[in-house]
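What follows draws every value from the coordinates through simple rules; no lab data is involved. Everything quoted here is computed from the prediction, not taken from an experiment. Glycine gets a Cβ as well: all are built from the backbone with ideal geometry, and neighbour counts include every protein chain shown.
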Amino acid sequence: MELGERIQLTREELATLLKELKNWSAPATVLLSLYVPPGRPMSDVLQLLRQEYAITDNIKLKRTRQAVKRALSGAIERIQMIQKVPPNGLVVFCGENMDSGDFMCIMFSPPEKVPVFYYRTEKSFITSFLEDMIEEKDAIGIIIVERDQATIGVLKGGRIEVLDEVEGFVPGKHEKGGQSQRRYERIIEQLVDEFFKRVGESANMHFVPLLEKGILKGIILGGPGYAKVDFHKGNYLDYRLQQLVSPELVDVAYQGYEGLKEAVMKAQNVVQAQLYREASETLEEFKLHLVQLSGLAVYGEKEVSLALEAGAVKVLLIHQERDDINKWKELGEAKGAKVIVIPAGLPEAEWFKEFAGVAGILRYKWSP
């Protein structure tokens, strides 16, 4: 971005930019990625880039050497435009498409704080530190299922989205009796089973990636009749997703977006219960590390703060009633920790207060 342009990006603008960045690649390590966290002196950043520029003469291939120098020059030029790192930090991407000759050099401040100081030239731009910033942190899966219709959706950031609508063909009741009736019923049961498998496959395809990212917090299962019960009992979902399905199934009259909306409105307690359960399980994990003396539990304001600054905290636990809860949330998220708020109504919440209401589960053994 040129001098004078607004460099603060929204989440939506960042998502658009990341799509463009992923289309850039090079046959050599000439694409520059630079991440500068808030508080980092600009003089340190410029010194690093100038040092890197000074050693580019060691690059043997002339075309590669010129491309790296161009990227570094562009980065230095833009960094010199500002005197202080913005509150959320800075990100710079500079590089040349060596096939077309096109050159890109952009500098911006992301919607969340940059967690690390990082510099690299590679064959592609390094965007991994920004990916989580365009993802909503929590998601609730929704499945509305009948014997021949289903809607797969998700609740993220207060928005409901239809992910898939599945249709099947299951005939109605057969009027004849005897063996013909039983044979017909077996055929219908088989058709329903095959349809439920298709629904499960679709749900797995959409929900498992969210689960593996740690975003999916629970699943609401609903429908107008007994099909939702049969689907739940039949274990058509990935076993990990099956564990997230709330036992409180929801009666829903519609399919599509309206059905998803109705399910969410009727399952507000379910949504809260899933988040409550996550807090409870995380607190149990913290207690287990304490008992086992694993060295992966940290508690107390000073100790947790130091561990966060070192990037050692995997999960940050904060009591709901702490006055400075937002400060800890921001600090935890800025340092790449998963933040879990311990509800005051949790049976172990009072016990957790004895640790000043703030603790962490570490990525690795660490000491200040």
Within the range 274-362, the percent of DSSP beta bridges that are antiparallel, given to the nearest 5, stands at 60
With x for Gly and Pro, the residue-by-residue ³J(HN,Hα) of the range 318-330, computed from phi through the Karplus equation 6.51 cos²θ - 1.76 cosθ + 1.60 at θ = phi - 60° and given in whole Hz, is 10, 5, 4, 8, 5, 5, 9, 4, 5, 4, 5, 4, 4
State, to one decimal in nm, how far the label point of residue 10 lies from the label point of residue 25, with both points 7 Å from Cα in the Cβ direction. 3.2
Scalar couplings 3J(HN,Hα) for the range 84-101 by Karplus 6.51 cos²θ - 1.76 cosθ + 1.60 (θ = phi - 60°), nearest whole Hz, x for Gly and Pro, are 9, 5, x, x, 9, x, 10, 10, 10, 10, 9, x, 10, 7, 5, 7, 9, x
Any idea how far apart residue 294 and residue 194 come out in nm if each label point goes 7 Å out from Cα toward Cβ? 4.6
Quick one: putting +1 on the C-beta of Lys and Arg, -1 on the C-beta of Asp and Glu, what dipole do you get for the chain around its Cα centre, in Debye to the nearest 20? 1040
Relative contact order for the range 274-362: what is it in percent, counting Cα pairs under 8 Å that are at least 6 residues apart? 41
With the Cα gyration tensor of the chain giving a ≥ b ≥ c as the square roots of its eigenvalues, does the rule (a/c under 1.5 for rounded; else a/b larger than b/c for prolate; else oblate) give rounded, prolate or oblate? oblate
Residues with amide H under 5 Å of residue 313's amide H, sequence separation 5 or more or different chain, H placed in the peptide plane at 1.01 Å from N; which? 363
Contact order relative to length of the chain, as percent, for alpha carbon pairs under 8 angstrom and 6 or more apart: 13
Cross-link table 156/353; 19/84; 19/197; 113/213, entries beyond 25 Å C-alpha to C-alpha: 156/353; 19/84; 19/197
Calculate one ³J(HN,Hα) per residue across the range 187-204 by plugging θ = phi - 60° into the Karplus curve 6.51 cos²θ - 1.76 cosθ + 1.60, and present them in order as whole Hz with x for glycine and proline. 5, 5, 4, 5, 5, 5, 4, 5, 5, 4, 5, 5, 5, x, 5, 5, 4, 4
What is the antiparallel percent of DSSP beta bridges lying wholly in the chain, to the nearest 5? 70
For the chain, which span is the longest to avoid every loop-located (per DSSP) member of chymotrypsin sites (Phe, Trp or Tyr not before Pro) having at most 12 other Cβ atoms inside 10 Å? 1-168
Quick one: which residues, 5+ away or cross-chain, put their amide H under 5 Å from the amide H of residue 339? H built at 1.01 Å from N. 316
So what is the 222 nm mean residue ellipticity for the chain from helices alone, if each DSSP H run of at least 4 adds -39500 (n - 2.57) and you divide by all residues, rounding to the nearest 500 deg cm²/dmol? -13000 deg cm²/dmol
